[in-house]
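Have a look at the structure below before the remarks.
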Amino acid sequence: MGFFSRLFKLREQDPASPETTWAVEDNGSELVLDPEDAALLMTELDIDAAIASHERWTLRLQDMVSGRSQEVMRPERVCLDDRCDLGRWLYGTGRVRLGSYPAFGMLVARHRYFHLQAAEVVAAYRAGDGPKAQALLKGSCRHASNQVVLLLKELKRGLGR
């Protein structure tokens, strides 16, 4: 079962089984979205579009570091994780709907970390340290980006889409 999927479905365990890891009375604390709530959440965020938009960020950074772009990025702006489409949703409607759940907090934290890593790439490139920018892009920035995409895919799967 996926990371977010655990949040959106009741745990299907037999209360009489010795393998059960939760108490029946604990199940009320699970986040259970009915199909209407899940559909509403899906209309508020197009997860596929959010993934594509996020991946375009990575491509923009790659183009900058490789010299294929004349775009001027500023680290003090790139580090702002609430300015992109996904960030606006995470700090707005997403926080209202899912903000009390630890998995959502992890998505916010991973998204923030991605923007900080992207800003480090930009700062290194602007300082004239292309090899460092390239290493950051291929290392911590790519890792952070992959985590955001995986968490978004898990969210999508958890919503049943």
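Here r is the Cβ-Cβ distance between His143 and Ser100 and R0 is 25 Å; the resulting FRET efficiency, rounded to 0.05, is 0.35.
Placing +1 on the Cβ of every Lys and Arg and -1 on the Cβ of every Asp and Glu, with no other charges, gives the range 112-155 a dipole of roughly 40 debye about its Cα centre. The modelled label-to-label distance between Asp82 and Asp48, using points 7 Å beyond Cα along the C-beta direction, is 3.1 nm.
Every number here is computed from the coordinates shown, using simple stated rules; none is lab data. Since the structure is predicted, the reported quantities are computational estimates derived from the model, not experimental observations. Here the Cβ is made from the backbone with ideal geometry for all residues, glycine too, and neighbour counts use every protein chain on show.
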